[in-house]
């Protein structure tokens, strides 16, 4: 695969394709000020006493399941509930016996409503996270604006939401699709205290991510003609030169809109990444190390293979 195609020639066609591709989808920088240092992962000899582990030990079946071990409450967030974002939906575990949970904000892509990414809410929350899926301020918001909204959603979750008492404000993460994936990178670039980022088929005109310090897993698709994996997802991955951990997963026989429907492979690796870095849970390293080999679902995978 040519991993270094000149991306400038793709930017304008990609915007046009993004709008037309969305119509076919199933309904449903200047230098930034330094952010507070994020807590480092636990040392390997401390993991046995990890206070952030939530739920039973994972298996291949449990991490791919449509529902995880936690019952989930759905909380509507109407417009005007907080500042810096439009509205959204919170999915939160109802079990309060295991302590607080990490929290994740998720953004949809260009001309995409919240409904297209709402499957991530209950899927991730049932594995032990508080999750907020967003309806962006405008369907046309650019990645930088989506990044700001992701951070505003996290601030709302930890400060004013009905689930705030279930959240550990030191363990936050971002995720998003397409321009929401670009927004995920923008948010990680702005707030180094985030514990994890998972951009999905990200689209952004920015390629300079050398200042990102947040463990990041980028997912792309081999048949993505809107945000081509070789000139976008893989290039962004290559430019994450300062992150402590990173991974790149390319789906096989998949397109840009694959990320808008429930998918066991996407869920498996997103959950594993979030568990490993939001919860410091080494039990999930088995899904990241050794690096997965290409198979019927994976065209390519590479990463730093975290080991505690």
Scan region 196-206 and tell me whether some residue there is surrounded by fewer than 19 Cβ atoms within 10 Å (Cβ to Cβ), out of contact with any helix residue (DSSP H, G or I) (no Cβ under 6 Å at 6 or more places or on another chain) and more than 24 Å from residue 139 (Cβ to Cβ). no
Kindly evaluate residue 79 against the criterion of being farther than 18 Å from residue 198 by Cα and loosely packed, with under 15 Cβ neighbours inside 10 Å. yes
Please go through region 237-247 and give me each residue that is crowded, with 21+ Cβ neighbours inside 10 Å and under 15 Å from the mean Cα position of the chain (by Cα), ordered by number. 237, 246, 247
Test residue 211 against the stated conditions and say whether it is in a loop (DSSP other than H, G, I, E, B) and farther than 22 Å from residue 119 by Cα. yes
Check residue 136 against each of (1) over 18 Å from residue 173 (Cα atoms); (2) in contact with a helix residue (DSSP H, G or I) (Cβ under 9 Å, 6 or more places away or on another chain) and name the one condition it does not meet. (1)
Filter result (closer than 15 Å to residue 196 by Cβ, crowded, with 17+ Cβ neighbours inside 10 Å and in contact with a strand residue (DSSP E or B) (Cβ under 7 Å, 6 or more places away or on another chain)) within region 289-308: 303
Taking residue 25 as meeting all but one of (1) in a loop (DSSP other than H, G, I, E, B); (2) surrounded by 12 or more Cβ atoms within 10 Å (Cβ to Cβ); (3) in contact with a helix residue (DSSP H, G or I) (Cβ under 8 Å, 6 or more places away or on another chain); (4) at pLDDT 95 or above, write down the number of the exception. (4)
As an exercise: evaluate residue 80 against (1) more than 25 Å from residue 276 (Cα to Cα); (2) in a strand (DSSP E or B) and give the number of the one condition it does not meet. (2)
Quick one: which residue in 185, 134, 157, 172 is on the phi < 0 side of the Ramachandran plot, more than 14 Å from the chain's Cα centre (by Cα), outside any loop (DSSP other than H, G, I, E, B) and crowded, with 24+ Cβ neighbours inside 10 Å? 157
Subset of region 255-273 that is farther than 21 Å from residue 114 by Cα and in contact with a strand residue (DSSP E or B) (Cβ under 6 Å, 6 or more places away or on another chain) - its residue that is surrounded by the most Cβ atoms within 10 Å (Cβ to Cβ): 273
Could you say whether any residue in region 239-255 is modelled with pLDDT of 95 or more and assigned to a helix (DSSP H, G or I)? no
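Looking at region 226-236, can you tell me whether even one residue there is within 28 Å of residue 70 (Cβ to Cβ) and buried (at least 24 other Cβ atoms within 10 Å of the Cβ)? Talk me through it step by step, then tell me what you get.
Residues of region 226-236 within 28 Å of residue 70 (Cβ to Cβ): none.
Checked region 226-236: no residue is within 28 Å of residue 70 (Cβ to Cβ) and buried (at least 24 other Cβ atoms within 10 Å of the Cβ).
Of the residues 109, 102, which is in a strand (DSSP E or B) and under 16 Å from the mean Cα position of the chain (by Cα)?
Just a single option satisfies the conditions, and that option is 102.
The values are calculated or read from the model by the stated rules, or taken from the named source; none is laboratory data. This structure is a prediction, so every number in the text was calculated from the model and none was measured. Neighbour counts run over all protein chains shown; Cβ positions are idealised from the backbone, glycine included.
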